[in-house]
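Derivation of every value follows stated rules applied to the coordinates shown; laboratory data play no part. Nothing here was measured: the structure is a model prediction, and the numbers come from that model. Cβ sites come from the backbone with ideal geometry, for glycine too, and all protein chains shown count toward neighbours.
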Amino acid sequence: MIRLTHLKKVVIAAACSMAIFGNAQADDKVYRLKMAETWQTNFPIFGDAPRNMAAMAEKMSNGRLKITIDSANKHKSPFGVFDMVRAGQYDMGHSASYYWKGKVPNTLYFTTMPFGMTAPEQYAWFYQGGGMQLMEKVYGEFNLMSFPGGNTSNQMGGWFQKEINSLDDLKGLKMRIPGFAGEVLAKLGASPTNIPPGELYTALERRTIDALEWVGPSLDLRMGFHKIAPYYYTGWHEPATELQFLINKRSWDRLPADLQEILRVAMRTAAYDMYIQSYHESAENLAVIETEYPNVKIRTFPDDVMSALRKANEELLAEKAAADPVAKEILDSQAAYLKKVRRWTDISDKAYLNSISVSK
């Protein structure tokens with residue numbers, strides 16, 4: 001073990017201080033970025049992620065990087081974040097990649113996919129399995145950069161006014177459900193739609209829609225859906241919903257290298273922190289639902305419905321891959337990685353849970 005004398009410690013501390021001071025003197029310019037988020041002001045969990053990121057970036061940069069955030073109720077365009085960041089109206093955005101499928105279809109694969117990877121599996125794909133490079137390929141064409149922006153973990157299948165007992169119950173069902181899952185349900189006769197978060201409760205209460213999926217207990221309880229829809233179904237459609245940080249490439253290039261790295265680390269840390277927060281809040285709020293709202297009926301979709309959903313999903317995936325070589329590249333990458341990583345999940349987490357369940 002190396003033991004430092006008090007003098008040596010003082011010298012080292014002074015040298016570090018001088019180095020830090022010198023770097024600050026070399027570039028003490030304050031860089032200001034504006035971010036637009038899809039969420040309303042003070043929206044929990046989703047809105048916490050960009051604010052935590054901005055606070056970390058400012059602190060790590062010693063005040064040289066400051067990020068201000070405009071919520072949806074200020075910029076008035078919750079689903080316009082892609083366009084606003086692309087145009088340079090905002091330097092950054094916080095939203096979800098699958099919201100842009102109408103503009104750029106290949107963006108939807110970077111949020112989550114039905115019957116796909118869990119959150120740990122998907123993070124491994126992003127950072128170790130080539131997912132980030134594929135996302136760069138898709139967004140780079142639009143002068144944008146996209147980074148993981150926080151995971152909800154496995155989402156619930158939604159709140160329903162009526163119980164789903166068969167495939168016939170999906171026919172004509174008006175449901176708020178975005179992304180690829182909406183296309184899957186449409187193939188089975190449902191009528192999917194997307195609605196901004198702030199309008200969900202009213203739409204369900206007024207029966208503009210028959211059902212909706214939002215997130216899970218972490219956010220659903222405070223939205224009040226349990227008051228107006230008694231059936232709460234387990235998930236199949238979004239096993240690892242990843243939000244995103246969008247950045248205008250010109251805004252990124254204007255930052256010095258150290259601030260780029262600080263921003264990169266702050267985004268990655270805030271994304272992981274949101275995953276932890278969401279998981280915790282879901283556990284807490286599920287306990288509240290089960291103890292304080294016994295009229296809520298938690299259900300799993302019948303086997304024939306699940307089989308039909310899986311079949312429709314596979315057919316749509318094949319169609320997407322056949323129609324677009326970039327889509328095929330992304331989907332092939334996800335499928336290959338899922339096959340590899342799920343084997344480990346099965347003999348680690350799944351085997352563990354099965355073993356302790358039997359031993360009870």
Work out the FRET efficiency for ASP83 and SER166 from their Cβ-Cβ distance, taking R0 = 51 Å, and round it to the nearest 0.05.
0.80
Give me the one-decimal nm value for the distance between modelled label points at ALA351 and TYR201, 7 Å along each residue's Cα-to-Cβ direction.
4.6 nm
Overall dimensions of region 83-164 by Cα: Rg and Dmax, Å:
14.6, 46
Please report the base-10 log of the normalised intensity I(q)/I(0) for the chain, using a Debye sum with one equal scatterer per alpha carbon and no solvent, at each q in 0.07, 0.10, 0.14 (1/Å).
-0.35, -0.68, -1.22
Using a basic spin-label model with each label point 7 Å from the Cα along Cα→Cβ, how many nm lie between VAL104 and LYS137?
1.4 nm
Read phi for every residue in region 228-245 and hand back ³J(HN,Hα) as whole Hz from Karplus 6.51 cos²θ - 1.76 cosθ + 1.60, θ = phi - 60°, with x for Gly and Pro.
10, 9, x, 9, 10, 9, 6, x, 8, 9, 9, x, 7, 6, 9, 6, 9, 9
Estimated distance in nm for a label pair at LYS59 and THR41, the labels positioned 7 Å out from Cα along Cα-to-Cβ:
2.5 nm
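Checking a compactness column here: for region 81-223, what do you get for Rg(Cα) / (2.2 N^0.38 Å), N being the number of residues?
Here the answer is 1.13, to two decimals.
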Connecting C-alpha atoms closer than 10 Å in a GNM of the chain, tell me which of SER307, SER146, SER282 has the biggest fluctuation.
SER307
What full-extension length gain, to one decimal in nm, is calculated for GLU329 and ILE289 as 0.36 nm per residue of separation minus the Cα-Cα distance?
10.2 nm
So the pair-distance distribution of region 297-351, from every Cα-Cα distance in 10 Å bins, comes to percents of 20, 30, 39, 11, 0
For region 131-247: lysine pairs with Cα atoms under 27 Å, gap of 8 or more or different chains, count?
8
Rg and Dmax of region 44-90, Cα atoms, in Å?
12.2, 33
Once the Cβ-Cβ distance between ASP28 and TYR272 is put in as r, and R0 is 22 Å, what FRET efficiency do you end up with, to the nearest 0.05?
0.15
Which Rg and Dmax, in Å, describe the Cα atoms of region 185-252?
15.1, 48
Per q in 0.15, 0.16, 0.24 Å⁻¹, report the Debye log10 I(q)/I(0) for region 227-307, using one uniform scatterer on each alpha carbon and no solvent.
-0.77, -0.81, -1.21
The rounded separation in angstrom of the Cα centers of region 55-123 and region 241-274 is 10 Å
